[in-house]
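S.K.: For reference, the structure I am asking about is given below.
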Amino acid sequence: MKAPRPIPGYSKQPPHPLLRIYAIGLALTQRRYRRSRWPVARAMENSPPLTAYDRQTPLVDLPILSLDTEATGMDPKRDRIVSIAAVNLSGGRLHLGPMLDIFVNPRRTIPPSVTRIHGITDRHVRDAPHFIDLADMLEKRIGGHVLLGHNIHFDAALLRHEMRRAGRDWRPPPLLDTMLLFAALHPHAETLGLDHVAKRLRVSLAGRHTARGDALIALDLYYRLLPHLAARDILTLGRAEEASAAALARLRRQHRDLRRDADDR
């Protein structure tokens with residue numbers, strides 16, 4: 001059997017027509033910003049069975065679901081999801097064939113100011129399913145994984161409130177936040193936004209501000225962060241959670257200090 005042709009930034013290409021647009025986007029991106037080198041599973045391959053994990057499991061062995069949402073705003077308690085995407089990283093391989101990428105009808109108007117960011121209009125979601133109709137599928141899809149994303153705590157909060165509206169007592173699984181992991185490695189970084197971190201780590205921003213694009217960018221950031229985390233002896237889920245918690249506590253202290261200084265002026 002012939003090996004699949006490579007696409008820009010990945011070592012293997014699954015023969016899947018839905019990836020053609022993605023490959024074109026990568027090719028048009030500046031060459032110095034490249035996608036990571038995660039091996040990509042063939043499109044016809046199913047994700048391997050989920051493996052059990054705990055806090056001592058090495059980061060490279062975790063069953064990861066990189067997830068991103070787009071919403072009607074930035075308040076997870078009040079705003080609603082309009083798009084959600086998720087892609088599996090299992091056994092050190094990306095499984096793009098079973099990628100989740102769907103619109104969600106938020107049952108409300110999407111503000112024009114938000115549409116200008118992610119490009120999703122009321123027309124895009126008019127005939128999309130409501131979240132309550134997706135809740136069971138999403139709960140099963142997420143179960144058994146570690147959720148990965150840039151500022152993934154925001155996405156998890158959105159999901160938690162959507163699940164509550166759907167009558168479900170859902171609690172997020174363990175989270176790996178590329179923003180906090182980067183902050184742990186770079187405590188003096190002034191900006192932790194996805195655009196800035198991607199440029200610092202020389203990761204392509206192809207597909208930015210779409211749920212699918214941001215989920216894939218987070219996986220690429222994770223790939224670039226792993227060797228730097230290993231150099232700091234952050235090799236397991238437990239160590240990553242500890243480093244992330246310390247980074248979050250430091251960021252909160254800095255935020256309080258800035259507010260205190262502003263109030264004193």
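S.K.: Do the conditions hold for GLU70, that is, is it outside any strand (DSSP E or B) and either surrounded by 13 or more Cβ atoms within 10 Å (Cβ to Cβ) or modelled with pLDDT under 85 (or both)?
M.R.: No.
S.K.: Pairs needed: first member in region 37-51, part of a strand (DSSP E or B); second member anywhere, crowded, with 16+ Cβ neighbours inside 10 Å and at pLDDT below 75; C-beta distance under 6 Å; at least 6 residues apart or different chains.
M.R.: Partner pairs satisfying both residue conditions: VAL40/TYR10; VAL40/LYS12; VAL40/PRO14.
S.K.: Filtering region 158-174 down to residues that are among the aliphatic types (A, V, I, L, M) and out of contact with any Ser or Thr (no Cβ under 8 Å at 6 or more places or on another chain), which residue is farthest from GLU70 (Cα to Cα)?
M.R.: ALA166
S.K.: Same structure, new question: Which residues, taken from region 109-121, are surrounded by 13 or more Cβ atoms within 10 Å (Cβ to Cβ) and either of a type in the set (Val, Ile, Thr) or touching a Ser or Thr at 6+ places or on another chain (Cβ under 6 Å) (or both)?
M.R.: ILE110, VAL114, THR115, ILE120, THR121
S.K.: Going through region 234-265 one residue at a time, which ones are in contact with a helix residue (DSSP H, G or I) (Cβ under 7 Å, 6 or more places away or on another chain) and either among the hydroxyl-bearing types (Ser, Thr, Tyr) or farther than 18 Å from TYR53 by Cβ (or both)?
M.R.: The answer is THR236, SER244, ALA246, ALA247, LEU248, LEU251.
S.K.: Take LEU159 and tell me if it is part of a helix (DSSP H, G or I), within 10 Å of the chain's Cα centre (by Cα) and crowded, with 17+ Cβ neighbours inside 10 Å.
M.R.: Criteria not met by LEU159.
S.K.: Which pairs turn up if I take residues in region 235-260 that are in contact (Cβ under 8 Å) with a residue 40 or more places away in the chain and look for partners that are among the aromatic types (Phe, Trp, Tyr) with beta carbon separation below 8 Å, at least 6 apart in sequence or on another chain?
M.R.: Taking only residues 6 or more apart or on different chains, the pairs are LEU237/TYR53.
S.K.: Filter region 111-123 down to the residues that are part of a helix (DSSP H, G or I) and more than 22 Å from the chain's Cα centre (by Cα) and list them by number.
M.R.: Selection gives PRO112, SER113, ASP122, ARG123.
S.K.: Would region 124-141 turn up any residue that is without any contact (Cβ under 8 Å) to a residue 40 or more places away in the chain, touching a helix residue (DSSP H, G or I) at 6+ places or on another chain (Cβ under 7 Å) and surrounded by 14 or more Cβ atoms within 10 Å (Cβ to Cβ)?
M.R.: Looking through region 124-141, at least one residue is without any contact (Cβ under 8 Å) to a residue 40 or more places away in the chain, touching a helix residue (DSSP H, G or I) at 6+ places or on another chain (Cβ under 7 Å) and surrounded by 14 or more Cβ atoms within 10 Å (Cβ to Cβ).
S.K.: For region 198-239, enumerate the residues that are within 15 Å of LEU180 (Cβ to Cβ) and touching an Asp or Glu at 6+ places or on another chain (Cβ under 9 Å).
M.R.: LEU201, ALA218, ILE234, LEU237, GLY238, ARG239
The values are calculated or read from the model by the stated rules, or taken from the named source; none is laboratory data. Bear in mind that the values here come from a model prediction, so they are computed numbers and not experimental data. Heads up, the Cβs are rebuilt from the backbone with ideal geometry, glycines too, and the neighbour counts pull from every protein chain shown.
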